[in-house]
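Visitor: Sharing a structure, written as structure tokens. Questions coming.
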Amino acid sequence: MTSQTINAAASGTWKLGDLTVNRIGFGAMRLTQHGEAFAADAIPRDRDQAIRVLRRAVELGVNHIDTAAFYFSSLRSANELINQALAPYPDDLVITTKVGPGRDPSGQWLPHATPEQLRGQVEENLRQLGRDHLDVVNLRIVGTDSIAERFGALVGLREAGLIRHLGLSNIRPHHLTEAQSIAPVVCVQNMYGIGASPEQQEFMGICGEQRIAFVPFYSIADTGRDGGATTDHSPEVHTIARAHGVSAAQIRLAWTLHQGPHVLAIPGTGDLDHLAQNVAAGSLHLSVEELTDLDSRHSPAGR
């Protein structure tokens with residue numbers, strides 16, 4: 001596979017509200033440093049390299065970038081790298097950001113924002129990105145408590161013209177129901193990948209039935225999480241990767257995209273070669289037999 005020549009459009013498209021995106025996007029979390037994301041002793045990534053990756057992503061057809069104001073290291077801010085690399089922004093570029101969590105200038109995590117503090121987080125994203133509105137804002141939460149007040153605060157900012165569409169991150173089904181009683185939700189970002197639990201699979205399907213984009217995070221990293229891509233691939237993943245002449249990470253991405261036309265992918269990297277491989281994964285076709293093998297061997301019963 002000549003991954004350098006494959007465009008993100010090969011992955012197909014989906015709509016976030018009225019915004020059409022290619023199903024292979026780009027996650028900005030790993031742009032700011034080498035090693036584990038958010039680690040205090042991580043080495044900042046070369047600025048020019050990060051900018052080259054962002055520009056190359058757009059050249060390869062990526063038009064959906066996921067970011068957040070809390071994606072920063074000692075010397076780098078993902079939002080400001082995006083601004084420097086891509087402004088003035090292409091008309092078809094959709095930038096999705098997250099609010100809820102916060103970090104102080106030293107990088108320490110702060111308690112999650114109150115409804116009143118969410119406006120400041122939205123304005124910080126606007127300032128860093130150099131925009132007058134945000135395409136999509138996801139409310140990221142922890143726990144099972146009601147999100148009505150916080151989501152309602154974002155609805156107010158949408159009505160004020162600061163936000164175009166709203167989404168949710170790290171949620172459970174009842175959160176989606178609660179939010180939808182207040183305003184439309186265009187996407188759900190949850191941890192998801194090969195070996196997902198039956199509950200996660202069911203929730204992914206619910207989003208599809210309601211035509212809500214389902215946007216997995218850690219679909220490549222898996223147990224590696226903030227540390228980056230896992231190296232703990234099963235024999236089945238390796239066997240299928242060899243058959244296609246691609247990497248195990250590409251098979252994980254391809255499996256994710258095969259779960260439904262509403263499933264998007266936002267793999268992140270600071271490496272140009274890995275970027276090209278991630279985009280190329282959007283054109284991989286896995287057979288019914290391969291998908292069945294991956295599902296059965298990674299299901300709770302199979303494990």
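The values are calculated or read from the model by the stated rules, or taken from the named source; none is laboratory data. All values reported here derive from a predicted model rather than from experimental measurement. Every residue, glycine as well, gets a Cβ built from its backbone with ideal geometry; the counts of neighbours run over all protein chains shown.
Visitor: State whether one or more residues within the range 63-78 are surrounded by fewer than 17 Cβ atoms within 10 Å (Cβ to Cβ), modelled with pLDDT of 95 or more and assigned to a helix (DSSP H, G or I). I'd like the intermediate steps shown before the answer.
Guide: Start the filter on the range 63-78 by keeping residues that are surrounded by fewer than 17 Cβ atoms within 10 Å (Cβ to Cβ), which leaves 74-75.
Pick out the ones that are also modelled with pLDDT of 95 or more and you get none.
The answer is no, given that none of the residues of the range 63-78 is surrounded by fewer than 17 Cβ atoms within 10 Å (Cβ to Cβ), modelled with pLDDT of 95 or more and assigned to a helix (DSSP H, G or I).
Visitor: Considering only the range 97-116, I want to know if a residue exists there that is surrounded by 14 or more Cβ atoms within 10 Å (Cβ to Cβ) and touching a Cys at 6+ places or on another chain (Cβ under 9 Å).
Guide: No, the range 97-116 has no match at all.
Visitor: What number of residues within the range 29-61 are crowded, with 21+ Cβ neighbours inside 10 Å, within 19 Å of the chain's Cα centre (by Cα) and not in a helix (DSSP H, G or I)?
Guide: The number of residues fulfilling the criteria is 3.
Visitor: Take the range 84-125 and flag every residue that is outside any loop (DSSP other than H, G, I, E, B), over 17 Å from the mean Cα position of the chain (by Cα) and under 17 Å from ILE163 (Cα atoms).
Guide: Of everything in the range 84-125, those that are outside any loop (DSSP other than H, G, I, E, B), over 17 Å from the mean Cα position of the chain (by Cα) and under 17 Å from ILE163 (Cα atoms) turn out to be LEU118, ARG119, GLY120, GLN121, VAL122, GLU123, GLU124.
Visitor: Checking the conditions here, which among LEU139, LEU157, LEU134, LEU168 is more than 25 Å from LEU264 (Cα to Cα) and either touching a Lys or Arg at 6+ places or on another chain (Cβ under 9 Å) or charged (D, E, K, R) (or both)?
Guide: LEU157
Visitor: Which of the numbered conditions does GLN128 fail, given that it passes all the others? Conditions: (1) on the phi > 0 side of the Ramachandran plot; (2) assigned to a helix (DSSP H, G or I).
Guide: (1)
Visitor: Can I ask one more? As an exercise: evaluate GLU124 against (1) within 24 Å of THR13 (Cβ to Cβ); (2) touching a residue at least 24 places away in the same chain (Cβ under 8 Å); (3) of a type in the set (D, E, K, R) and give the number of the one condition it does not meet.
Guide: Among (1) within 24 Å of THR13 (Cβ to Cβ); (2) touching a residue at least 24 places away in the same chain (Cβ under 8 Å); (3) of a type in the set (D, E, K, R), GLU124 violates only (1).
Visitor: Turning to a different aspect of this structure: Under 6 Å between Cβ atoms, at least 6 apart or on separate chains: pull out the pairs that start in the range 57-68 with a residue that is within 16 Å of HIS165 (Cα to Cα) and of a type in the set (D, E, K, R) and end on any residue that is at pLDDT below 95 and in a loop (DSSP other than H, G, I, E, B).
Guide: none
Visitor: I'd like the full set of residues that are assigned to a helix (DSSP H, G or I) and among the small types (Gly, Ala, Ser), limited to the range 235-294.
Guide: ALA241, ALA243, ALA248, ALA249, ALA254, ALA276, ALA280, ALA281, GLY282, SER283
Visitor: Can you pull out the residues in the range 59-85 that are in contact with a Leu (Cβ under 6 Å, 6 or more places away or on another chain), over 12 Å from ASN125 (Cβ atoms) and of a type outside the set (Gly, Ala, Ser)?
Guide: ASN63, LEU81
Visitor: I need every pair where a residue in the range 127-155 that is within 25 Å of TYR89 (Cα to Cα) has its Cβ under 6 Å from the Cβ of a residue that is exposed (fewer than 13 other Cβ atoms within 10 Å of the Cβ) and modelled with pLDDT of 95 or more, sequence separation at least 6 or different chains.
Guide: GLY130/ALA87
Visitor: Which members of the range 76-88 meet the condition of being of a type outside the set (S, T, N, Q) and without any contact (Cβ under 8 Å) to a residue 40 or more places away in the chain?
Guide: ALA85, LEU86, PRO88
Visitor: For SER219, which of the numbered conditions (1) of a type in the set (Ser, Thr, Tyr); (2) surrounded by fewer than 19 Cβ atoms within 10 Å (Cβ to Cβ); (3) closer than 23 Å to ILE65 by Cα fails to hold?
Guide: Of everything listed in (1) of a type in the set (Ser, Thr, Tyr); (2) surrounded by fewer than 19 Cβ atoms within 10 Å (Cβ to Cβ); (3) closer than 23 Å to ILE65 by Cα, SER219 misses just condition (2).
Visitor: Sticking with this structure for a sec: Being surrounded by 20 or more Cβ atoms within 10 Å (Cβ to Cβ) and within 17 Å of the chain's Cα centre (by Cα) is the filter; apply it to the range 142-173 and report the residue that is farthest from PRO216 (Cα to Cα).
Guide: Ranking the qualifying residues of the range 142-173, first place goes to HIS165.
Visitor: Scan ALA254, ALA249 and give me the residue that is of a type in the set (Gly, Ala, Ser) and either more than 22 Å from SER296 (Cβ to Cβ) or modelled with pLDDT of 95 or more (or both). Full working, then the answer.
Guide: Working: ALA249 fails: either more than 22 Å from SER296 (Cβ to Cβ) or modelled with pLDDT of 95 or more (or both).
Exactly one residue qualifies, and that residue is ALA254.
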